[in-house]
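The values are calculated or read from the model by the stated rules, or taken from the named source; none is laboratory data. Everything numeric in this text was worked out from a predicted model, so none of it was measured. A quick note on method: Cβ atoms are made from the backbone with ideal geometry, for glycine too, and the neighbour counts reach across all protein chains shown. Ligands, DNA and RNA are stripped out before the accessible areas are found, and what is left, the full protein with its side chains, is counted by its heavy atoms. Shrake-Rupley method; radii C 1.70, N 1.55, O 1.52, S 1.80 Å.
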Amino acid sequence: VMNATFDSDKIKIAKQGIASNGISSQHVLELIDHLTFESNKIKLAKFAYQYTFDRQNYFLVNNGFTFSSSINELNKFVAMY
C-alpha cells in the first residue's frame with residue numbers, strides 16, 4: 001500500500017488484503033493514515049469494518065480522520081451495520 005502513488009491504487013491493494021486475511025482495528029487506522037483524501041479514508045474504513053475481527057475496538061479508527069463529520073459518518077455506518 002505504501003508503495004502505491006494514488007489513493008485509488010492504495011485502496012485496491014488494501015481491499016484485496018483485507019478481504020483475504022481480515023484486519024484489526026489498529027491496522028485499519030494505519031492503512032487509512034496512508035490515504036490523502038478524507039472521502040477515501042471513509043470508504044476504506046467502511047469496507048474494512050465487515051472484515052475486522054476486533055470490532056469492539058473500531059473506535060480507534062476515528063483517530064485517522066481530520067473532520068468530525070467523517071467520524072460521525074463512520075459511527076453512523078457502524079451503528080447501522
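Pairing each residue of the stretch 58-70 that is in contact (Cβ under 8 Å) with a residue 60 or more places away in the chain with any residue that is surrounded by fewer than 18 Cβ atoms within 10 Å (Cβ to Cβ) and part of a loop (DSSP other than H, G, I, E, B), provided the two are 6+ apart or on different chains, yields no C-beta distance under 9 Å.
Hey, can you tell me all the residues within the stretch 30-39 that are open to solvent by 20 Å² or more (accessible area, probe 1.4 Å) and within 21 Å of Ala79 (Cβ to Cβ)? Hits for the stretch 30-39 are Glu38, Ser39.
For Phe47, are the conditions met, namely being over 11 Å from the mean Cα position of the chain (by Cα) and on the phi < 0 side of the Ramachandran plot? Give the steps one after another, and end with the answer.
On the way: over 11 Å from the mean Cα position of the chain (by Cα): no; on the phi < 0 side of the Ramachandran plot: yes.
Criteria not met by Phe47.
For the stretch 52-69, give me each residue that is over 19 Å from Asn21 (Cβ atoms) and acidic (Asp, Glu).
First, pick out the residues of the stretch 52-69 that are over 19 Å from Asn21 (Cβ atoms): 56, 59, 62-69.
Hits for the stretch 52-69: nothing passes.
Search the stretch 1-26 for residues being in a loop (DSSP other than H, G, I, E, B) and under 16 Å from Ala45 (Cβ atoms), and hand back the single one that is most open to solvent (accessible area, probe 1.4 Å). Going through the qualifying residues, I end up with Val1. When every residue of the stretch 40-63 is checked against the conditions, none turns out to be assigned to a loop (DSSP other than H, G, I, E, B) and buried (at least 20 other Cβ atoms within 10 Å of the Cβ). Screening the stretch 64-81 for residues that are modelled with pLDDT of 95 or more, farther than 20 Å from Asp7 by Cα and among the hydroxyl-bearing types (Ser, Thr, Tyr) and picking the one that is surrounded by the fewest Cβ atoms within 10 Å (Cβ to Cβ) gives Ser68.
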